[in-house]
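Participant: Pasting a structure here, questions to come.
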Amino acid sequence: MTTVAAEHWEEARNLRLAARLAASGAQPPSLGLAREGVLRRAVGLTLEASGCSAPLGSRCRVETAGGHWVDAEVVGFSGDRTFLMPTADLAGLLPNARVVTTRREGEVAVGEGLLGRVIDSDGVPLDGRGPIRPESWVGLGGVAINPLTREPITRSLDVGVRAINALLPIGRGQRIGLFAGSGVGKSTLLGMMTRYTAADVIVVGLIGERGREVRDFVESTLGEEGLRRSVVVATPADRPPLARLHGALRATAIAEWYRDQGLHVLLLMDSLTRFAHAQREIGLSVGEPPTTRGYPPSVFAKLPQLVERAGNGADGRGSITAFYTVLTEGDDQQEPIADAARAILDGHIVLTRRIADAGQYPAIDVEVSVSRVMQEITDAPWRERIRKLKRLMAAYNAQRDLIAIGAYQRGSDPVVDEALARWPKILEFLGQDVTEASDVEASRAALARLLDDTREPAPATHATTHAQEPAR
Ligand SMILES: Nc1ncnc2c1ncn2[C@@H]1O[C@H](COP(=O)(O)OP(=O)(O)O)[C@@H](O)[C@H]1O
Ligand SMILES: [Mg+2]
């Protein structure tokens, strides 16, 4: 009997001790030793380690030949195997290499020193202009804002592009998709916005582009003027998928930091599709099932997580207005990423190859583009003009083929007649040279002039109409 009582007493004491230890937050020192594991398998981009029980999302370093280390992240586990993905090139990896977990919580260096700089997904400067002095450190994943404390979108943002300012007004804190195929002018339009937008800071995330395009964007499209108030995070296509994912997260984290300083930030992410592709590569290589067109479910979970981090801050503290480019190859608007993006963004601007091929830039398809915050930031007469212009353009485009061959009979539809008469002026209004800026007031006034001009417009000859049509 006495032994049983003693056992109870000891058990009770152990529980009391354990509770006191847990309350004081003491860590048994042995955890530090258990962190080192061994590399068991390396197939494709996935590494398998055993012996290191590191939590999901934490960082590890794997020793390579010659005593170098490669950074990797825990992306999954199965039994006692931990799946890792590298953030750098995997050269010189050896079987049974040491795998050491590291603690890195705030890993994004932020500060004023980032302005005018080009960095990679690890924060390493790519522009050869020396080290960047961090002021503070923030996490890659950001801190979620309670949706109820987030400031509503009530103020318009001048992006310097007439067609957008007048017809698709953007609100401060709005998240917009820029949908287009390749070579239709996305980068050029983003470049115009970096130069002309009324924002304090511009953060550009170049995710999965070709290396040459990164250089092109920084040197020609952005230029000195654009770069001065920008931070560029570039992760070209040849970097591992995890690095491309981190590039987008780092750009967002930097934008968040500036927003929390009370600044108005413009975040340009080119492209959201390549971000999704990176997550697809990661998901598939750790064994997730492919669902819609080969995309595993985690892709559709990561997209809103990224996009929700942009927007207005809580209680009026700064804002992030964000543009995400979405690739729609072959004008496939049903592509799953385009579909998912449309559902989570507050508007989309569509660039169309037909318009670009006609030499009309920016090639915005006004008819199918939508800004979901228009109601909050425009007045009734303005909205009426937008509707009227869309009506005219829809009527014209419905008869485009007939007009092109000169078979349209004037007088058969008064709306088409008016569209036809105003067409050269409409094209002039929509077109804008890259070196020209047009603020919200000027854009709005130009729209009013375009539509309120009641003088009988000079009848357009078919010859001038043809000149504006795409060569087919
Ligand atoms: N606003 C513009 N004015 C004149 N040409 C343009 C304009 N925008 C794009 N272009 C032409 O289209 C090409 C591709 O543009 P780019 O912005 O690189 O497209 P994307 O980023 O969609 O691939 C440019 O090299 C340029 O010739
Ligand atoms: Mg581009």
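The values are calculated or read from the model by the stated rules, or taken from the named source; none is laboratory data. What you are looking at is a predicted structure, and each value in this text was computed from that prediction instead of being measured. Ideal geometry is used to build each Cβ from the backbone, glycine not excepted, and the neighbour counts take in all protein chains shown.
Participant: Looking only at residues in segment 131-187 that are of a type in the set (S, T, N, Q) and more than 20 Å from L263 (Cα to Cα), which one is surrounded by the fewest Cβ atoms within 10 Å (Cβ to Cβ)? Reasoning before the result, please.
Facilitator: Applying the first criterion (of a type in the set (S, T, N, Q)) to segment 131-187 yields 136, 146, 149, 154, 156, 165, 174, 182, 187.
Add one more test, that the residue is more than 20 Å from L263 (Cα to Cα), and what stays is 165, 182, 187.
Values: N165: 25, S182: 11, S187: 24.
The selected residue is S182.
Participant: Does segment 303-354 hold any residues that are within 16 Å of ligand 2 (Cβ to nearest atom) and either part of a loop (DSSP other than H, G, I, E, B) or under 17 Å from V143 (Cα atoms) (or both), and which are they? Give the derivation first.
Facilitator: Going residue by residue through segment 303-354, those that are within 16 Å of ligand 2 (Cβ to nearest atom) are 323-329, 349-353.
Residues satisfying the conditions are T328, T352.
Participant: Tell me, yes or no, whether segment 436-453 has at least one residue that is modelled with pLDDT under 90 and surrounded by fewer than 16 Cβ atoms within 10 Å (Cβ to Cβ).
Facilitator: Yes, there is a match, as at least one residue in segment 436-453 is modelled with pLDDT under 90 and surrounded by fewer than 16 Cβ atoms within 10 Å (Cβ to Cβ).
Participant: Return the pairs, sorted by first residue and then second, in which the second residue is of a type in the set (S, T, N, Q) and within 16 Å of ligand 2 (Cβ to nearest atom), the first residue lies in segment 358-374 and is free of Cβ contacts under 8 Å to residues at least 60 places away in the same chain, the beta carbons are less than 6 Å apart, and the residues are 6+ apart or on different chains.
Facilitator: From segment 358-374, the pairs are D365/T352.
The rows are residues; the columns are (1) touching a Leu at 6+ places or on another chain (Cβ under 6 Å); (2) among the β-branched types (V, I, T); (3) at pLDDT 90 or above.
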residue: T291; (1), (2), (3): no, yes, no
residue: G311; (1), (2), (3): no, no, yes
residue: L327; (1), (2), (3): no, no, yes
residue: Q334; (1), (2), (3): no, no, no
residue: A340; (1), (2), (3): yes, no, yes
residue: G347; (1), (2), (3): no, no, yes
residue: R353; (1), (2), (3): no, no, yes
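Participant: Looking only at segment 243-251, decide whether some residue is more than 16 Å from ligand 2 (Cβ to nearest atom) and within 22 Å of G181 (Cα to Cα).
Facilitator: Yes: one or more hits.
Participant: Scan segment 414-448 residue by residue and report those that are over 9 Å from A166 (Cβ atoms), in a helix (DSSP H, G or I) and not hydrophobic (A, V, I, L, M, F, W, C).
Facilitator: P414, D417, E418, R422, P424, K425, E428, E441
Participant: From F323, F300, grab the single residue that is surrounded by 22 or more Cβ atoms within 10 Å (Cβ to Cβ) and either closer than 21 Å to V440 by Cα or modelled with pLDDT of 90 or more (or both). Don't jump to the end; show me each part of the working.
Facilitator: Working: F300 fails: surrounded by 22 or more Cβ atoms within 10 Å (Cβ to Cβ).
Within the list F323, F300, the selection yields F323.
Participant: Please find, within segment 160-190, the residue that is nearest to ligand 1 (Cβ to nearest atom) out of those that are in a strand (DSSP E or B) and touching a His at 6+ places or on another chain (Cβ under 8 Å).
Facilitator: Pass one, segment 160-190, residues in a strand (DSSP E or B): 170-171, 175-180.
Subsequent filtering for residues that are touching a His at 6+ places or on another chain (Cβ under 8 Å) retains 176-179.
On the way: I176: 16, G177: 14, L178: 9, F179: 11 Å.
Filtering segment 160-190 for residues that are in a strand (DSSP E or B) and touching a His at 6+ places or on another chain (Cβ under 8 Å), the one nearest to ligand 1 (Cβ to nearest atom) comes out as L178.
Participant: When segment 355-402 is examined, which residues are found to be farther than 20 Å from E441 by Cβ, in contact with a Leu (Cβ under 7 Å, 6 or more places away or on another chain) and part of a helix (DSSP H, G or I)?
Facilitator: Y396 - this is the single residue of segment 355-402 that is farther than 20 Å from E441 by Cβ, in contact with a Leu (Cβ under 7 Å, 6 or more places away or on another chain) and part of a helix (DSSP H, G or I).
Participant: Give me the residue from segment 198-217 that is surrounded by fewer than 23 Cβ atoms within 10 Å (Cβ to Cβ) and away from ligand 1 (no atom under 13 Å from the Cβ) and, out of that set, nearest to G318 (Cα to Cα).
Facilitator: D200
Participant: Kindly indicate whether R195 is within 13 Å of ligand 2 (Cβ to nearest atom) and part of a helix (DSSP H, G or I).
Facilitator: Details: within 13 Å of ligand 2 (Cβ to nearest atom): no; part of a helix (DSSP H, G or I): yes.
Answer is no for this residue.
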